[in-house]
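This is the structure I have questions about; it appears just below.
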Amino acid sequence: MYNKKMENYFSSKQVSEKTELSIHTLRYYEQIGLIDGIVRDENGYRQYSESDIVWFQVLNYFRAIGMPIREMQEYTAFNNSEVPTITARREFMEKYRRKVVDQMTELEKTLERIDDKIIFFKNLEDSDKVLKDG
């Protein structure tokens with residue numbers, strides 16, 4: 001993914017602290033192929049490069065915008081694609097944006113239905129007060 005020669009290396013604990021991802025998540029992301037080429041030291045401990053940390057931050061960003069892991073894997077696969085990576089990633093993000101806009105539209109409709117229900121119950125409360133006071 002990146003040229004890892006001449007870089008500083010960090011332990012799992014250090015990367016966890018820098019990225020706010022748990023050590024378990026770091027290993028999981030490696031296991032499912034979201035990050036590869038993790039170097040190990042002479043004792044077999046993972047040693048992460050600065051570029052690995054940057055990539056984990058990208059993955060963190062994707063999680064923050066609600067991207068499912070399956071789609072993160074799809075995005076990561078562009079590294080091995082014949083399609084120019086920048087173009088493929090832009091198209092991917094445009095597609096993901098459309099998906100998010102569709103979700104927002106559905107959430108707005110849901111919020112309207114919830115607001116209607118709240119008004120319905122407020123009206124019931126008001127009519128109940130009138131009956132009790134009357």
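Report the normalised scattering of the chain as log10 I(q)/I(0) at q = 0.12 Å⁻¹, calculated by the Debye formula with identical scatterers on the alpha carbons.
For the requested q values the scattering log ratios are -0.63.
In sequence order, what are the phi-derived ³J(HN,Hα) couplings for segment 69-75 according to the Karplus relation 6.51 cos²θ - 1.76 cosθ + 1.60 with θ = phi - 60°, rounded to whole Hz, with x for glycine and proline?
4, 4, 6, 5, 5, 4, 4
Once the Cβ-Cβ distance between ASN8 and ALA77 is put in as r, and R0 is 35 Å, what FRET efficiency do you end up with, to the nearest 0.05?
My answer for the efficiency is 0.80.
Can you run phi through the Karplus equation (6.51, -1.76, 1.60; θ = phi - 60°) for segment 114-131 and list ³J(HN,Hα) in whole Hz, with x for Gly and Pro?
Coupling constants for segment 114-131: 5, 4, 4, 5, 4, 4, 4, 5, 4, 5, 5, 4, 4, 5, 5, 5, 4, 5 Hz.
Return the long-range amide H neighbours of GLN47 (sequence gap of 5 or more, or a different chain), with a cut-off of under 5 Å between placed amide H atoms.
The list, which skips near neighbours in sequence, is VAL39, ARG40, ASP41.
How far is it, in nm, from the label point at THR110 to the one at LEU131 when both lie 7 Å from their Cα along the line to the Cβ?
My value for the distance between the label points is 3.3 nm.
On full extension of the chain, what length is gained from ASN123 through GLN57, given 0.36 nm per residue of separation minus the C-alpha to C-alpha distance?
Between ASN123 and GLN57, full extension yields 18.9 nm more.
For LYS122, give me every one of the aspartates and glutamates with a C-alpha distance below 19 angstrom, ignoring sequence neighbours fewer than eight places off in its own chain.
Output for LYS122: GLU112, ASP133.
Which percent of Cα pairs goes in each bin when the distances of segment 45-121 are cut into 5 angstrom slices starting at zero?
3, 12, 16, 18, 15, 10, 8, 6, 5, 3, 2, 1, 0
Every read-out reported here was derived from the displayed coordinates using simple, explicitly stated rules and does not represent laboratory data. The structure presented is a predicted model; accordingly, all values stated were derived computationally and were not measured. Note that we place each Cβ from the backbone using ideal geometry, even for glycine, and neighbour counts take in every protein chain shown.
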